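The values are calculated or read from the model by the stated rules, or taken from the named source; none is laboratory data. Keep in mind that this is a model prediction, so the values were computed, not measured. Virtual Cβ from ideal backbone geometry, glycine too; neighbours counted across all protein chains shown.
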Amino acid sequence: MKRRAFLGISLGVAGSVVSGLGCSSDDGGGGGGAGETLTPGEAFFPQSICSGDPRPESVILWTRVMDPDQDGDLALELQVAKDEAFRERVTLSGGPHLALTAKAAHDGCVKARVTGLEPGAYYYYRFIYRKGGEAFVSRTGRTKTAPGAGSEAPVRFAVTSCQDYNGKYYHVYKHLAERDVDFFIHLGDYIYETTADPQFQTTAPGRAVTFRDTQGAIAFNEGTEEEYFAAASLDNYRELYQTYRGDQDLQRVHELFPMIPVWDDHEFSDDCYGTHATYFDGDRDEDSPERRSNADQAWFEYMPVDYRGAPEFEYDRSVNFPEDITIYRDFSFGKHLQLVMTDLRRYRPDHVVPEDVFPGQVAVTEEQLLAQGSDLSLASPYVDIASFDGGAYQAFLAEHAALTGYEAAQFAGLVSVPFINQQVTAINDSAGTSMALIDEATPGLSRGYAFHLMLKMDRYSQLGSRYLVVQEMFDAYARLRYQQTSGASEQLMGAEQEAWFLSTLRGSEATWKVWGNGFTFMPRIVDLSHVDSLPTLFRQRFRLSAEDWDGFPNKREELLEELSKLDNMVLVTGDIHAFFTGALRNQAGTGGLTEFVCSGVSSGTYQTLLVRTAQRSPTLAAAGAVGLALGVGQFLTDTNIKPNPHLAYQAFDRNGYATFELDGAQLNAWYHAITEEDVATKDLPRALERHFSTRHFQRDVGSQELYLVEGDGRKRWDHASCLWV
């Protein structure tokens with residue numbers, strides 16, 4: 001990589017250019033000069049252009065050039081100007097343009113880091129491809145640098161995430177293109193690695209993802225009408241970016257605003273951790289470093305990222321995971337915004353409750369519960385199955401293991417009595433045996449929490465593991481594991497990233513500290529203990545998810561305590577396909593922060609995902625969970641039970657995005673929501689603005705209070721009543 005000095009004619013300052021994907025070469029020509037005819041070349045730039053990671057003096061500029069008549073690397077020119085007509089051209093390396101090489105090895109993608117720019121200024125840019133004596137030009141992009149360190153200028157930005165392409169349309173981006181923002185944050189799930197997963201995706205004519213390389217992909221439901229694929233090869237992942245960024249509405253937003261992105265899970269694999277996928281819920285080994293490298297290389301090629309401390313960074317597959325790429329980084333926007341972007345997928349461990357754990361295994365013993373200060377009211381009896389009754393039950397279950405679906409070796413150690421009785425009953429019914437059940441009231445039996453009591457009732461399942469866990473029992477086990485592993489069981493960021501994260505925020509002098517957080521931080525508890533129509537098993541308090549921060553409650557409490565010490569701390573969050581606003585407080589109530597969870601651009605809403613999960617599970621469907629899923633919003637915000645006193649707003653059945661404006665006095669946040677039905681409609685029947693609704697929130701500098709703005713007035717969120725007052 002070569003560093004280049006350039007003199008910006010209209011700025012009068014020196015700078016440099018670093019090409020992140022191709023090599024910059026000496027430029028003695030005058031591409032696109034006065035009097036030269038430029039031919040629209042959109043066919044050669046199928047993904048248009050984009051910019052990203054704006055800093056006060058630099059920005060990343062990106063494009064992809066393809067010529068079906070040419071193999072190998074392609075020469076390209078970049079022009080930058082202060083005006084859209086390119087009359088005030090900025091010189092690059094002392095000339096009117098920068099010569100770049102779009103390498104075939106990088107799928108024709110090219111990135112340039114332009115430095116020496118003026119803070120807080122708009123710039124326009126375009127790429128030129130020469131062929132047959134003609135100069136073919138890309139569309140013109142507009143970008144904006146961050147304001148300088150002493151700037152009092154207000155900062156305006158948008159937050160997006162979760163933009164499934166399959167059967168969905170990007171009306172959200174069309175709406176965003178009409179807003180006045182300086183940049184937009186993308187919190188992940190920029191692509192979805194599956195083509196048409198029937199669990200959460202749909203398709204429509206002309207709006208479906210296909211793979212050229214189906215042999216290199218992972219196939220599901222082969223030979224059926226519901227056959228679909230998950231990306232695995234490098235070509236698979238590249239094709240996803242090509243398809244998604246071929247959308248005109250997404251292109252327009254990229255042409256207007258620089259993006260600051262991080263990934264979540266679908267850039268690699270749904271509910272992933274490290275190099276591991278989770279499609280089969282523990283039924284097979286899904287660790288695939290090569291697949292992870294393919295995903296990471298494609299992300300590197302297509303994302304306009306300025307890597308922390310390494311502007312010349314080039315992705316190298318020979319470097320071991322996870323050191324091969326580091327995407328967490330921070331940005332300063334004048335005096336009023338410090339933005340910290342984290343990576344919550346690369347360094348995290350497996351879920352606290354593994355998907356393949358034996359449901360009958362005792363997770364927390366009586367002794368451990370008492371040591372935690374827990375009562376035993378919800379605990380159930382267990383036995384050492386090898387010694388209880390001379391090992392009779394162990395021998396019986398092992399002999400008939402084929403009828404239970406479990407392996408004989410799993411019936412060992414401390415096993416739940418209700419679970420043993422359930423298996424014995426099933427065997428008696430199937431085999432005509434008459435093994436007696438264990439009396440659960442037998443004197444002297446110890447009582448504890450087994451995994452099936454957390455709702456982990458199947459051999460391989462995400463239920464009771466990644467999703468819908470019984471709160472008290474899960475929390476007790478998570479607390480035990482956290483102590484046993486010295487915190488490693490919940491180290492989502494990894495030690496190095498977490499140290500950088502806290503140090504950066506603590507050292508910031510910006511008015512507002514904003515964390516670009518990949519998935520929901522605030523607790524989301526549903527209390528069904530009062531729903532008499534439900535089976536006993538379901539009349540409990542549940543965490544809706546253990547895949548995000550709700551599955552790592554001890555680390556979350558640690559971070560909440562630390563972040564609550566900071567003035568004006570705000571989280572912007574994606575992932576969950578719902579709008580939530582949380583006014584969180586630490587345990588002492590002496591500090592807190594606000595979390596704005598922004599719904600997905602187009603992916604199925606949280607309500608739809610919950611309903612489909614309930615429909616797919618015979619256990620949940622039989623318990624009436626479909627109806628409960630439709631009413632989850634009311635359970636989350638029940639003002640009588642108050643399971644989530646921090647949860648000030650929810651809209652779990654809408655798509656959309658959010659915009660923010662902050663300065664030295666106040667932060668304003670707006671949710672822009674659209675129905676899921678509209679997102680699935682190609683041509684909307686009314687003017688675009690009429691399909692969106694808006695909610696407006698405020699926070700004042702120096703105050704933890706959260707306000708809902710209505711007309712000319714505003715209401716404060718009251719934790720005691722769980723109402724706006």
inquiry  = Please return the ranges of strands (runs of 3 or more DSSP E) entirely within segment 568-678 where 2 or more residues are more than 24 Å from GLU558 (Cα to Cα) and not assigned by TED's automatic domain parsing to the domain that holds LYS456.
reply    = 647-651, 654-662, 666-675
query = If you take the residues in segment 136-155 that are in a strand (DSSP E or B) and either in contact with a Leu (Cβ under 8 Å, 6 or more places away or on another chain) or among the hydroxyl-bearing types (Ser, Thr, Tyr) (or both), which one is surrounded by the most Cβ atoms within 10 Å (Cβ to Cβ)?
reply = THR143
message = Of everything in segment 284-336, what is in a strand (DSSP E or B) and touching a Pro at 6+ places or on another chain (Cβ under 9 Å)? Give them in sequence order.
response = PHE331, SER332, PHE333
key: Only listed residue being buried (at least 22 other Cβ atoms within 10 Å of the Cβ), among the basic types (Lys, Arg) and within 22 Å of the chain's Cα centre (by Cα), chosen from ARG291, ARG308   = ARG291
inquiry  = Please count how many residues of segment 39-59 are more than 11 Å from CYS109 (Cα to Cα) and touching a Cys at 6+ places or on another chain (Cβ under 9 Å).
reply    = 0
ask   = What pairs come up if the first residue lies in segment 705-716 and is in the same structural domain as ALA669 (by TED's automatic domain parsing), the second is part of a strand (DSSP E or B) and among the small types (Gly, Ala, Ser), and their beta carbons are under 9 Å apart, counting only those six or more places apart or on different chains?
value = GLU705/ALA583; LEU706/GLY582; LEU706/ALA583; LEU706/ALA648; LEU708/ALA648
query = Restricting the first residue to segment 676-689 and requiring it to be under 14 Å from HIS175 (Cα atoms), which pairs with a second residue that is β-branched (Val, Ile, Thr) and outside any loop (DSSP other than H, G, I, E, B) meet a Cβ separation below 8 Å and a spacing of at least six or different chains?
reply = VAL679/VAL172
note = Scanning segment 81-123 residue by residue, those of a type in the set (S, T, N, Q) and closer than 12 Å to THR145 by Cβ turn out to be THR115
query = Looking at (1) farther than 28 Å from ASP343 by Cβ; (2) under 22 Å from the mean Cα position of the chain (by Cα), which is the only condition GLY188 fails?
reply = (1)
key: Given (1) out of contact with any Gly (no Cβ under 8 Å at 6 or more places or on another chain); (2) among the acidic types (Asp, Glu); (3) farther than 25 Å from THR442 by Cα, index of the condition ASP389 fails   = (3)
ask   = In this structure, does THR37 turn out to be in the same structural domain as GLY94 (by TED's automatic domain parsing) and at pLDDT below 95?
value = yes
ask   = Looking at (1) of a type in the set (Gly, Ala, Ser); (2) at pLDDT below 95; (3) touching a Phe, Trp or Tyr at 6+ places or on another chain (Cβ under 8 Å), can you tell me which one SER599 breaks?
value = (2)
